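The values are calculated or read from the model by the stated rules, or taken from the named source; none is laboratory data. What you see is a predicted model, and the numbers here were worked out from it, not measured in a lab. FYI the Cβ positions are ideal-geometry reconstructions off the backbone, even for glycines, and counts take in every protein chain you see. Just the protein is used for accessible areas: all its heavy atoms, side chains included, with ligands, DNA and RNA removed. Shrake-Rupley method; radii C 1.70, N 1.55, O 1.52, S 1.80 Å.
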Amino acid sequence: MRILTGVQPSGKLHLGNYFSVIRKLVKYQNDSDLYCFVADLHALTTFSSAKNQKDNTYDAVCDFLALGIDPDKCSFWIQSSVPEVTELAWYLSMSITVPQLQLAHSFKDKVAKGITPSAGLFFYPVLMAADILAFETDRVPVGKDQKQHLEYTRDIAERFNAQYGETFKLPEPEIDEETAIVPGTDGAKMSKSYGNTINFFDEEKKLKKSVMGIVTDSAGVDEAKDHKNNVIYQIHSLFLDESEKTELRNRFEVPGTGYGDLKKALLERILDYFSPFRAERERIAADPAYVNSVMRKGTDKARNVASEVLKSVRSKVGILRG
Ligand code: ADP
Ligand code: TRP
C-alpha cells in the first residue's frame, strides 16, 4: 500500500497538524510504503519573501525529521527537487477545464474576498494532482479541508485514463473523523489563519500563554464541568488512552478542580510529550550537512519512481523524447 502526503511549509506546526496527519505518518512508515514531502511550490501561492520561503522550508524539514519521520523507512523530499512533478502537472492540465477549476474552494474564497487570484493559485489543484499521480499513490491522509483537492485528482486521473488509456490508479483520500477538526484555543478549528493555535515547538513561555488563553465557560472550582464541549478536554484527550480519558473526565465532573489547574495539567502533558522532539529538533537544525544529505537521498528515491511514470506519460501524450 503506497501512502503519500504533502505539507506546506507555512510556519510553525500546531497540534491540529500533528494529530490529524503527522502522528499517522510516523506510524505508516513502519507498516506501509510511505511517501512524504514538503510542498514548497504550493507555499509560493501565498506570498512571502525569498528568505522566509527558504527558512520555512528548512524548518519544515527539521520539524518532520525531529517528529520521527525516518528517511531510512520512507521517502521524504522537498517538492521542488523532483521536476518530473511540474512537468506532469502540465500534461494533466489538459485533462481539466477552466470552469471546473473555477469551482475550487481556495480559488472561490479569494475571489469572494475581492482578492485577484494569481494563475498559480488557480493551478494549485493540478499541481497537487501531479504530486499524487506521479508516485502511483493508493491513499492520501489529509485533513477535511483537502477533500475537494482529492476529488480533483481523481477526476483528472479518470479523464486522462479515458483520453490516453489506463495510466493512473485512482487514489483514495483518508480523512479521520476523530481528528478531522482539532479545536483551537477559542473553540473554532485550530488554524494559523485564526490565530488560535497551540504550536508545540514554541518556547515554553509562549506555549504557556497559548494554553492558559483557552476560552472556557465560567464554571468555578466547586462546580461540575461539562467535558464534552470543553476545548481543554478535547485537546488533552488527544494524548490519552481510554483509561486516562476516564480519569480526566472525572476531574471535570467531580467538583474540586478549577480550569486553571486543568489547563496546567494540559500544558504539562504537551511539554512532556514534545520535549524529546524539541531536543531532537535543535540537534537536527544545527546540522545542515545532515539535513542536506537526507534530502538528497529522499529526492533520489522519489525521482526514481516519478521518472518511470513520466516515461510512460510522455509516450502516451506524444512527446518525442522518451
Ligand atoms: P492551517 O489551517 O493552520 O494553515 P495547514 O493548511 O498548513 O494548516 O494544514 C496542514 C495539514 O494539517 C492539512 O492536512 C490540514 O487538513 C491539517 N489540519 C490543519 N489544521 C487542522 C485542524 N485544526 N484539525 C485537523 N487537521 C488540521
Ligand atoms: N494542499 C495541501 C495542504 O495545504 C498540501 C499538499 C500539496 C498535499 N500537495 C499534496 C497534500 C499532495 C497531500 C497530497 O495541506
Report, by residue number, each residue of the stretch 42-66 that is buried (at least 17 other Cβ atoms within 10 Å of the Cβ) and either among the basic types (Lys, Arg) or within 13 Å of the chain's Cα centre (by Cα) (or both). 42, 43, 60, 61, 63, 64
Can you name the number of the only condition in (1) out of contact with any Phe, Trp or Tyr (no Cβ under 9 Å at 6 or more places or on another chain); (2) open to solvent by 40 Å² or more (accessible area, probe 1.4 Å); (3) more than 10 Å from ligand 2 (Cβ to nearest atom) that residue 10 fails? (3)
Using the structure shown, decide if residue 173 is open to solvent by less than 40 Å² (accessible area, probe 1.4 Å) and either within 16 Å of ligand 1 (Cβ to nearest atom) or more than 30 Å from residue 213 (Cα to Cα) (or both). no
Scan 102, 148, 163 and give me the residue that is within 15 Å of ligand 2 (Cβ to nearest atom) and of a type outside the set (A, V, I, L, M). 148
List the residue pairs whose Cβ atoms are under 6 Å apart, where the first residue sits in the stretch 279-298 and is farther than 14 Å from residue 57 by Cβ, the second is open to solvent by 60 Å² or more (accessible area, probe 1.4 Å) and in a helix (DSSP H, G or I), and the two are 6 or more positions apart or on different chains. none
Which condition from (1) in contact (Cβ under 8 Å) with a residue 40 or more places away in the chain; (2) in contact with a Lys or Arg (Cβ under 6 Å, 6 or more places away or on another chain) is the one that residue 172 breaks? (1)
Only residues that are open to solvent by less than 30 Å² (accessible area, probe 1.4 Å), within 19 Å of residue 20 (Cβ to Cβ), modelled with pLDDT of 95 or more and not in a helix (DSSP H, G or I): list them for the stretch 136-168, please. 137, 140
Examine the stretch 61-72 for a residue that is free of Cβ contacts under 8 Å to residues at least 60 places away in the same chain and among the small types (Gly, Ala, Ser), and state whether such a residue exists. no
Residue list for the stretch 121-135, filter: in a helix (DSSP H, G or I) and either among the small types (Gly, Ala, Ser) or open to solvent by 10 Å² or more (accessible area, probe 1.4 Å) (or both): 121, 122, 123, 124, 127, 128, 129, 130
Hits in the stretch 220-255 (condition: more than 24 Å from residue 23 (Cα to Cα), open to solvent by less than 20 Å² (accessible area, probe 1.4 Å) and not in a helix (DSSP H, G or I)): 225
So which of 29, 79 is open to solvent by less than 20 Å² (accessible area, probe 1.4 Å) and more than 24 Å from residue 200 (Cα to Cα)? 79
Please find, within the stretch 308-322, the residue that is nearest to residue 95 (Cα to Cα) out of those that are open to solvent by 40 Å² or more (accessible area, probe 1.4 Å) and in a helix (DSSP H, G or I). 317
Of all residues in the stretch 282-298, count the ones that are open to solvent by 20 Å² or more (accessible area, probe 1.4 Å) and in a helix (DSSP H, G or I). 10
Taking the stretch 1-41 and keeping residues assigned to a helix (DSSP H, G or I), touching a residue at least 12 places away in the same chain (Cβ under 8 Å) and more than 12 Å from the chain's Cα centre (by Cα) leaves 26, 28, 29, 30, 40, 41
Would the stretch 177-195 turn up any residue that is within 16 Å of ligand 1 (Cβ to nearest atom), charged (D, E, K, R), open to solvent by 50 Å² or more (accessible area, probe 1.4 Å) and farther than 30 Å from residue 137 by Cα? yes
Identity of the residue in the stretch 136-170, of a type in the set (S, T, N, Q) and within 16 Å of the chain's Cα centre (by Cα), that ends up nearest to ligand 1 (Cβ to nearest atom): 146
